[in-house]
Amino acid sequence: MKPLRVEVESRLQTAASWWKWLLFLRRSLMVAIAFMIAILLIGLMTSAGWMPSLGMLVLLCSVALGGGLLAWAVVAVSTADSMPERSQMASAVEQSYVPLLDRLNTLVFIHDNREDDLSPYADAIEKQAVNVLQAAPDQCPFRRHRIRTLSAILIGLVVLNGFFY
């Protein structure tokens, strides 16, 4: 079975790239939120008189910073290592541009399952998909509401920390 055309494959690769960046951003925001909560808790412990010494305060701040950096490094490595499924990318591109209907999912299914008896249909579907993709805007096929929500939470925690300290 011949490979998918450049237009189809590049759109799937672009979607995979968006997926990775959004995953990295979402996970990074979660690490930053956890770090901000830890700093706020350290401040609350200090103001409540539960911090026995300056050494303990420095130790807790160092652990929070080191843990945050380590967690972010794990996020970076795990995100770089992860790869989305082609069917997931095809579905995301189709949902972001309705005129594609189910063409990309069908093509990916045929190519991934090596359905040689469906090859004549695949050529026709691929030509239709290419024609539709040429008119499609090149945009992020994923919703970004989680990123916005996490960003708002992080901004709120930064402001809260700023007022507290």
With the condition being open to solvent by less than 80 Å² (accessible area, probe 1.4 Å) and under 30 Å from Val31 (Cα atoms), I'd like the helices (runs of 4 or more DSSP H) fully within the range 46-165 carrying at least 2 qualifying residues. 54-81, 86-96, 145-164
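Kindly evaluate Ala38 against the criterion of being surrounded by fewer than 16 Cβ atoms within 10 Å (Cβ to Cβ) and either without any contact (Cβ under 8 Å) to a residue 24 or more places away in the chain or farther than 17 Å from Val108 by Cβ (or both). Spell out how you get there, then give the answer.
Details: surrounded by fewer than 16 Cβ atoms within 10 Å (Cβ to Cβ): no; either without any contact (Cβ under 8 Å) to a residue 24 or more places away in the chain or farther than 17 Å from Val108 by Cβ (or both): yes.
When the stated conditions are applied, Ala38 does not pass them.
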Test for Leu104: is it closer than 14 Å to Arg5 by Cβ and under 22 Å from the mean Cα position of the chain (by Cα): yes
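The values are calculated or read from the model by the stated rules, or taken from the named source; none is laboratory data. Just so it is clear, the model here is predicted, and its values are computed rather than measured. Glycine gets a Cβ as well: all are built from the backbone with ideal geometry, and neighbour counts include every protein chain shown. In case anyone asks, the SASA skips ligands and DNA or RNA and just uses the protein heavy atoms, side chains included. Shrake-Rupley method; radii C 1.70, N 1.55, O 1.52, S 1.80 Å.
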